[in-house]
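Just below is one structure, and these are the notes that go with it.
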Amino acid sequence: MSSGIEVCWRSYSSSKSSPRLVLRATRNCWLAVRASVLGLLVSYHILRICIVLK
């Protein structure tokens, strides 16, 4: 579990009372997931380029 998803889960569980906070936590969750996926894609492409150049 990455730290971003951990943080968003904590804010999600603490914001059950207010719908606006739930919405914000959901958006933060989505941003954290998207950032980690993008990071994985970028490192995968860098790895492939390195293998091709060798």
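Laid out as a table, the results:
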item: Pairs with Cβ under 6 Å, 6+ apart, first in the stretch 23-51 and surrounded by 10 or more Cβ atoms within 10 Å (Cβ to Cβ), second among the hydroxyl-bearing types (Ser, Thr, Tyr); result: Ala25/Ser11; Ala25/Tyr12; Ala25/Ser15; Ser36/Ser2
item: Within the stretch 22-54, considering residues that are more than 16 Å from the chain's Cα centre (by Cα) and among the basic types (Lys, Arg), the one modelled with the lowest pLDDT; result: Lys54
item: Top-ranked residue of the stretch 4-21 - restricted to ones that are surrounded by 14 or more Cβ atoms within 10 Å (Cβ to Cβ) and part of a helix (DSSP H, G or I), ranked as modelled with the highest pLDDT; result: Leu21
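The values are calculated or read from the model by the stated rules, or taken from the named source; none is laboratory data. Not measured: the values here are computed from a predicted model. In this analysis, Cβ positions are derived from the backbone assuming ideal geometry, glycine residues included, and neighbour counts consider all displayed protein chains.
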